[in-house]
């Protein structure tokens, strides 16, 4: 059955990818509507679904839509939730506003599609870093049982939206011209630098971005006994996040067994041929639906119960827009 | 007593820093000689020790020197070792050629200065990534006892010498001009990308760069029971390596106790004030003698026996030139 879809935040980096994903996945769109902030209203966007005029947000839009894909800040999601749900429009929300509510499912369709059906009007889309790690971690969890997960990230500037990417490019240009650099989006210079700080610091010394990986992975896997820690670092790349991951498993694990499991896993592409210099990299993962997994090897600390690997995934796609559209797909029929 | 010093590889990125470090540390230099490859011979370099003409390598140079600081490839170090040692010139070598020999001390002066005296003519300088991590890890090891160390690195292009840095700048300029990029130094594009591959792959799936961190840390700490693993990643920065480090300790550890130990440790600067956005970053660690340590927090996986932190250090200084000159300082008297 065709669906009326509305994208809220349609002009942002993720919103634009949502249009692209609806088309690429051949989503049965009846009517697509695009909502954005005041300054964009009235503009037209050319899409595979025709030329669409940007509308302001209104209750009426939700009344006339089956599914709303929200990609705006938490405040706006919180503000509009009631009016979306009351109008029988399913809200798939990319913000962190509802992710930790017990009654709101947090869904990665390759992992926990069944929980989507338990929604009370809202389904949350996970944090990008979590989603990228989770598609590789879950098949290993099912087969070998995860005990410990230690993550260090290499996150692209577009994780902070199109303006983050632009700041990197501006600073790079300034650096090359020996001009002074200005930082508006990031706390410090990001060109030719890194910043081990994404989102707000929490009382335990971790950032919220780092804790999202812990909380969300446990919730999506339905197992809060898995011990997880994360260090999140912004690096001067444009798009696609990478993560260095060490795991300890309950059952013995080998790189060969892990590769064999991952090769059969949806959403994952094993790129692991070191002798030919093939391993996950942001430039190759960019604009791809699958998360690249490679550098798979027996971890030296946890021995035959340990594995170490590296992933790169497009955080605007599997980390955001693609996953949201895949959640919507669970409601076609 | 003043010493006659010769720097072999004087025109390289590390060699140039060696001159700078000798001056900054007020090393009692009697005569400084600079040796480089044929194409540089005859050129003059202005130094704080006067204007010095670059010489070709020769046995005579070593006959007339007390200490030779080698910063060239392993092959040249291997080729000249005998002739340096036989002429009673102490060889302090920055290559990996002799690091794993039982009879050759591998020295970080803050950690194992006593082993330097056991040399048989050669002392090895550790790998840059190892040295930067080790100055922070060793005080924690002494106080709390290291059981497990899990490292992910963020390494600058100058780790591959001045030509690595130049390749990043060239590719960046080409990218900004929408011109095609060429890769000569690195296996892939490094501008706006990362490469999880430094040095040659070993049979166990780790690179040699990653295994150096394991082998060298165990040797320098004199404890091969510490379990260590590493993922080494090249990122598009110019100078100073960073590392995300998780440790499990034998004794309970807290962030406050760790900070207190690190604040008293030579070679370390605690930069750990998240509420004011202060943490280690390459742009701040560049051209500094001390390794910055911050983001210190209780690790969520190892609990009260676990710590997680982030370091940035100038790999041309503590990771190479500075450490070599500090080794030489052990022989002033």
How far apart are the residue B:173 label points across copies, placing each 7 Å from Cα toward Cβ, in nm, shortest first? 1.8
Take chain B, compute every pairwise Cα distance, and split them into 10 Å bins from 0; I just need the percent in each bin. 6, 26, 33, 24, 10, 2
Mean separation of Cα contacts under 8 Å (6+ apart) over length of region B:130-315, as relative contact order %: 28 percent
Per-residue Cβ counts within 10 Å, from other chains only, averaged over A:225-236: what number is that? 5
Highest mean first, what order results for B:272-280, A:266-274, A:186-194 on Cβ atoms within 10 Å? A:186-194, A:266-274, B:272-280
Space enclosed by the convex hull of the alpha-carbon atoms of region A:241-295, per residue, Å³: 94 Å³
Could you give the radius of gyration (one decimal) and Dmax (whole number) of the Cα atoms in region B:240-333, in Å? 14.6, 48
Using alpha carbon centers only, region B:67-107 is separated from region A:168-239 by a whole-angstrom value of 41 Å
Simple spin-label estimate for residue B:264/residue A:178, 7 Å along Cα→Cβ, in nm, reads 4.7 nm
Shielding of A:184-197 by partners, i.e. mean partner chain Cβ atoms within 10 Å per residue? 6
Taking the 0 to 90 degree range and rounding to the nearest ten, how far is the long axis of helix A:208-221 tilted relative to the main principal axis of chain A, both from C-alpha atoms? 90 degrees
Working from Cα positions, state the angle (0 to 90°, nearest 10) between the long axis of helix B:128-144 and the longest principal axis of chain B. 50 degrees
From Cα pairs below 8 angstrom and at least 6 apart in sequence, can you work out the relative contact order of chain B, rounded to a whole percent? 19 percent
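Report relative contact order for region A:204-293 in percent, whole number only (criteria: Cα-Cα under 8 Å, sequence separation at least 6).
Taking the mean separation of contacting Cα pairs over the length of region A:204-293, I get 22 percent.
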Pulled fully out, how much extra length does the chain show between residue B:304 and residue B:51, if you take 0.36 nm times their separation in residues and subtract their Cα-Cα distance? 85.5 nm
Cα-Cα P(r), region A:130-315, percent of pairs per 10 Å interval: 10, 35, 33, 17, 5, 0
Residue-averaged 222 nm ellipticity for the protein assembly as shown, from DSSP H runs of 4+ at -39500 (n - 2.57), nearest 500: -9000 deg cm²/dmol
Please build a GNM for chain B, connecting alpha carbons under 10 Å apart, and tell me which residue among B:252, B:109, B:139 fluctuates the most. B:252
Principal axis box of the protein assembly as shown, alpha-carbon based, largest edge first, Å: 89, 51, 44
Of B:61, B:29, B:107, the most mobile residue in a GNM of chain B (C-alpha springs, cutoff 10 Å) is B:29
Over the whole of B:72-82, what's the average partner chain Cβ count within 10 Å per residue? Rounded to a whole number, please. 0
To check you understand DSSP bridge types, tell me what percent of the beta bridges within the protein assembly as shown (both residues inside) are antiparallel, rounded to 5. 50 percent
Just A:86, A:218, A:155 to compare: in a GNM of chain A, with alpha carbon springs under 10 Å, which one fluctuates most? A:86
In whole angstrom, note down how far apart the Cα centers of region B:254-333 and region A:261-275 are. 36 Å
Using only Cα atoms, figure out Rg for region A:72-137 and give it as a multiple of 2.2 N^0.38 Å. 1.10
Once the Cα atoms of helix B:162-176 and of chain B are each reduced to a long axis, what angle between those two axes, in degrees from 0 to 90 to the nearest 10, is obtained? 60 degrees
Once all Cα-Cα distances of region B:206-270 are split into 5 Å bins that start at 0, what whole-number percent is in each one? 3, 12, 16, 22, 24, 15, 7, 0
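Read-outs: derived from the displayed coordinates by stated rules, not from any lab. Bear in mind the structure is a predicted one, so any value in this text is a computation, not a measurement. Backbone-built Cβ (ideal geometry, glycine too); neighbour counts: all protein chains shown.
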